[in-house]
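K.L.:
The following block contains the structure, expressed as structure tokens.
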Amino acid sequence: MDTETEAADSVALIRNALGNAEFFANWRPEMMARLVQGAKLRRYARGEQVPTGTGAARQALLVVSGFLEVSQMTSTGRRFVLGIIGPGATTGLIRLCSDMPMEYNHVVRERAVVVHFSCDNALAALNSEPTYWSGVAERLLERQAELIDTVLEQVVLGPADQRIAATLQRLAILFGVQGGEGVRLRLRLSQDDLADMLCVSRQTVNKELKRFEENGVLICTYNTVTIVDPQALASIAARRA
């Protein structure tokens, strides 16, 4: 494939990916043209950190394929995983409003293709059609509520088994695929990952997952979780003790 054809294909993929994203699905063609301007398509290997720029070069991200971990290192050097985002998800849109520093990292969980688009271009597109701001503000507020729920479920409320169940239930909704044995999470998820999400030890995660397996709730193989009994998992997730 020659360079011009490859570049044209990248622009077409960027336009299609942004146009299908929830945030931008209803944007007018003129707004989309401004959003696509200067956007870049990047491919990343597992373990790479995805940059987002600063100042006038600050960027938001759209995941086209693969998975990104949203995480931060604590003052004690421990990794805290706030969440995992997959295809179609956008992140960093809060930076439309200001050049606020990113307090967390985006690390590639599995080989990923990501669109980087300019926050300034997105801001200019919205300012050209101010009526679209209400939709963006509403979605950002929804995300804030989802973030609070995530932190409460993962870190604050309930015993370890309840928090593990709630986290697996949420991941199944986002990334679950129905198979012969049950709902399989289509991302690699280790016990260390769950421990970092929940701020508990790996030993605690191991003990609770073994108990779930013994009770027929799920099956764990190497970095793979299959939920065999979603209703039982939901019952554990809903319990407060």
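Here, each number is a calculation from the coordinates, and none is a lab measurement. Just so it is clear, the model here is predicted, and its values are computed rather than measured. Here the Cβ positions follow ideal geometry from the backbone for every residue, glycine too, while neighbour counts run over all protein chains shown.
K.L.:
Once the Cα atoms of helix 119-128 and of the chain are each reduced to a long axis, what angle between those two axes, in degrees from 0 to 90 to the nearest 10, is obtained?
P.N.:
For helix 119-128, the angle is close to 60 degrees.
K.L.:
Same structure again: Which far-off residues, 5 or more places away or on another chain, put their amide H under 5 Å from the one on I84, with H placed in the peptide plane?
P.N.:
Long-range HN contacts for I84: V70.
K.L.:
Could you give the size of the charge dipole of the chain about its Cα centre, using +1 on the Cβ of each K and R and -1 on the Cβ of each D and E, expressed in debye and rounded to the nearest 20?
P.N.:
420 debye
K.L.:
Which residue, M197, M32, M73, has the most motion in a Gaussian network model of the chain that connects Cα atoms within less than 10 Å?
P.N.:
Judging by the Gaussian network model, the answer is M73.
K.L.:
On to the next question. For region 3-154, would you read off the P(r) tail past 28 Å as a percentage of all alpha carbon pairs?
P.N.:
18 percent
K.L.:
In debye to the nearest 20, how big a dipole does region 68-148 give about its Cα centre with +1 on each Lys and Arg Cβ and -1 on each Asp and Glu Cβ?
P.N.:
The dipole magnitude comes to about 340 debye.
K.L.:
On to the next question. Which one of S128, S65, S190 has the biggest mean-square fluctuation once the chain is modelled by GNM with Cα springs under 10 Å?
P.N.:
Among S128, S65, S190, the largest GNM mean-square fluctuation belongs to S128.
K.L.:
So what is the relative contact order of the chain, in percent, for Cα pairs below 8 Å that sit 6 or more residues apart?
P.N.:
Reported relative contact order: 18 percent.
K.L.:
I've got another one for you. For region 222-235, take each phi angle, set θ = phi - 60°, evaluate the Karplus expression 6.51 cos²θ - 1.76 cosθ + 1.60, and give the result in whole Hz per residue in order, putting x for glycine and proline.
P.N.:
Going residue by residue, I get 4, 6, 10, 10, 10, 8, 7, 10, x, 5, 5, 5, 5, 5 Hz, with x marking Gly and Pro.
K.L.:
When F80, F23, F67 are ordered from fewest to most other Cβ atoms inside 10 Å of their Cβ, what list results?
P.N.:
F80, F23, F67
K.L.:
Right, something else. Show that you can apply the helix-only estimate: for the chain, add -39,500 (n - 2.57) for every DSSP H stretch of four or more residues, divide by all residues, and state [θ] at 222 nm to the nearest 500.
P.N.:
That comes out to -13000 deg cm²/dmol.
K.L.:
Next question, about the same structure. Please state the shape class of region 164-241: rounded when a/c is under 1.5, otherwise prolate if a/b exceeds b/c and oblate if not, all from the C-alpha gyration tensor.
P.N.:
rounded
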